[in-house]
Structure formats: structure tokens, C-alpha cells
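A.B. asks: Once you've had a glance at the structure underneath, I'll fire off some questions.
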Amino acid sequence: MINTTVGRPDATKRVAKAHAPATTTRKPTNVSLPTDLLERAKELKINVSRASERGLREEVQAAEARAWEEKNADFIAEMNARIERDGLPLEEHRMF
């Protein structure tokens, strides 16, 4: 089977960075949030901008991964069928 994580934007499943690189330009943006959630975040001294950024980065990475999988679905299916039919390339050289 083809490993669909190779080359994907989220391939390493890393947690999104909490802070953008120092060179990133930031843009003020208005976001509507549930009042109770915002109050709880303030009580806990959570930086709402950074938490929102983290969540948005995760959503963007997930959407990019889905788009990559969609774009490459035919190729992956073809390669999986080929491997099922012919076995792994260079399989005779495997040491395990």
C-alpha cells in the first residue's frame, strides 16, 4: 500500500506552532466567539489571538491534507493496485 502521508502538508502530524515566525505580518481581524467561552478564556489568561491562530492553522493544515488526498487519489489507487498485482518494487532486496 502507498503511504499517503508522504509529501502531505500534515505528514508529520506536528502540532501547529503557537506563534507565527517573527517575519510574518499580522492583520487585525474581528472574530465572533461565544460569550461564555471568551469569559472562561479570559479567566484562565488564555491569549485568544494565539489560541485562535493555533486552531485556524490546524484547520488549514487539515483542509490542505484533504485537498492533497483528493488530488492524488487516482494515482494512489493505481499504485496500490500495481503493488497488489506485482508486489513491492525491489522486494527481493528486502532484509526483513
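The values are calculated or read from the model by the stated rules, or taken from the named source; none is laboratory data. Computed from a prediction, not measured in an experiment: that's the story for all the values here. Ideal geometry is used to build each Cβ from the backbone, glycine not excepted, and the neighbour counts take in all protein chains shown.
A.B. asks: Among the residues of segment 56-86, what is the count of those that are within 30 Å of Val31 (Cβ to Cβ) and touching a residue at least 24 places away in the same chain (Cβ under 8 Å)?
C.D. replies: Residues in segment 56-86 being within 30 Å of Val31 (Cβ to Cβ) and touching a residue at least 24 places away in the same chain (Cβ under 8 Å): 8 in total.
A.B. asks: Moving on. Just need a number here: residues in segment 16-35 that are modelled with pLDDT under 95 and surrounded by 10 or more Cβ atoms within 10 Å (Cβ to Cβ).
C.D. replies: 5
A.B. asks: In addition: Kindly indicate which of Leu38, Leu56 is at pLDDT 90 or above and within 16 Å of the chain's Cα centre (by Cα). Give the derivation first.
C.D. replies: Details: Leu38 fails: within 16 Å of the chain's Cα centre (by Cα).
Just a single option satisfies the conditions, and that option is Leu56.
A.B. asks: To continue, here is another question. Please verify whether segment 87-95 includes one or more residues that are within 27 Å of the chain's Cα centre (by Cα), assigned to a helix (DSSP H, G or I) and free of Cβ contacts under 8 Å to residues at least 60 places away in the same chain. Spell out the reasoning first.
C.D. replies: Of all residues in segment 87-95, those within 27 Å of the chain's Cα centre (by Cα) come to none.
Scanning segment 87-95, I find no residue that is within 27 Å of the chain's Cα centre (by Cα), assigned to a helix (DSSP H, G or I) and free of Cβ contacts under 8 Å to residues at least 60 places away in the same chain, so the answer is no.
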